[in-house]
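Derivation of every value follows stated rules applied to the coordinates shown; laboratory data play no part. Since the model is a prediction, treat every value here as computed from it, not as a measurement. As a convention, Cβ positions derive from the backbone with ideal geometry for all residues, glycine included, and neighbour counts pool all protein chains shown.
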Amino acid sequence: MTNSQDTITYTPVEEFVCDSPNDMKKSESVLSNLKYLIVGIMFGIVFVKAEIISWFRIQEMFRLHSFHMYGVIGSAVVVGMLSVFLIKKFNIKTISGETVQFHPKKFQRGQIYGGLIFGLGWAITGACPGPLFAQIGSGFVAVLVTLLSAIAGTWVYGYFRDRLPN
Amino acid sequence: MEIIELIKKPWPWYVAGPLIGLTVPTLLLIGNKSFGISSSLRHICAACMPANISFFKYDWKKETWNLVFVLGVLIGGFLATTFLANPDSIVISESTISDLKALGIQDFSGLMPADIFATANILSLKGLIFFVMGGFMVGFGTRWAGGCTSGHAIMGLSNLQVPSLIATCCFMVGGFAMTHLLMPFIFKLF
């Protein structure tokens, strides 16, 4: 990992691979977390206003009765692709002047098994992890149970990880 | 104010999708962060109950940004629902409504059907299936797959990763299977 000034010592069995890693080399102040809070807030507002958090919209998607969700995900991917292309092409730096890090993903069988399991859960809860948080914020108290259970599912995966085909 | 009235209406896909897509370069450029949400669940495990499991032994504090980000999503959900709520009922496709009515859903007024998501259902069979089992599959599945809709479908595809395409296809296959094959049986339980 890139962090060179850890104060706590860790003895990781394997190199920590995070799916949404922090690649910033400079250490950040607590206050700088406000940036991510603001981006998160904007993101949550979009989730609610575009009704992505709606169980009904997810049902429409899986019943092929509406283009809405396909349009949202499709156009998000196009904009994301174009942005990543431009960042790479013009070597655009971060606001603190660092080179942007990208992480190639390795194929693992878990992407199939886990992907299918997540898909089953997505259709039944009407939420992927992001919308779970926005649903709770929107006042759907019952979804707190779904979130706790998702955390439990993550923990159980961690517990059985070595015994699962990865 | 007309603009507020406009914002309160549901946002079309061509507004929401690009805004979500812009999260990718925003996070990369403000702090070299790769977009992903399900990792937050792992960080919560690592912070609260690592239990000496190697998968949870890492410097989660370095990933605090991710936890702050999802806290923001929660706050954003609150703000949008409190101050920018759509005054009209949600418009759902007629075919979906008739399919769901056949399954026994009766409430089509809000973003989520009260038939399922009422707090009173938490300690019922519905709660066990829709919240406990559903949530477990979301947490277990996304971690096994190494990401969710944001990490794979949006960030991974934006970076042209074939494994993310495979994962995204599997998400969809799982969703179709649940909707068309399993849900008819699940709704017969109630």
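Quick notes on this one:
- Taking other C-beta atoms within 10 angstrom as a stand-in for reagent exposure, B:Lys33, A:Lys88, B:Lys62 fall in the order A:Lys88, B:Lys62, B:Lys33, fewest first.
- Translational diffusion of the protein assembly as shown, estimated by Stokes-Einstein from the Kirkwood radius over alpha carbon pairs at 37 °C in a medium of 0.692 mPa s, is 161 µm² per second.
- Unsatisfied cross-links (Cα-Cα over 27 Å) in the set B:Lys62/B:Lys126; A:Lys49/A:Lys93; A:Lys105/B:Lys9; A:Lys105/B:Lys62; A:Lys25/A:Lys105: B:Lys62/B:Lys126; A:Lys49/A:Lys93; A:Lys105/B:Lys9
- Estimated D of chain B in µm² per second, where Rh is the Kirkwood radius over Cα pairs and Stokes-Einstein applies at 25 °C, 0.890 mPa s: 126 µm²/s
- Over chain A, the reciprocal of the mean inverse Cα-Cα separation, the Kirkwood hydrodynamic radius, stands at 19.1 Å.
- Region B:42-90 and region A:113-166 have Cα centres spaced 12 Å apart.
- The Cα atoms of region B:118-190 define a convex hull whose projected area, averaged across directions, is 5.5 nm².
- The distance from the alpha carbon centre of region B:91-157 to that of region A:39-101 is 20 Å, rounded to a whole number.
- Kyte-Doolittle at least 1.0, axis length at least 18 Å by Cα - qualifying DSSP helices, chain A: A:33-49, A:68-89, A:110-125, A:143-160
- Angstrom value of the Kirkwood radius, inverse mean 1/r, which spans all Cα pairs in region B:1-85: 15.2 Å
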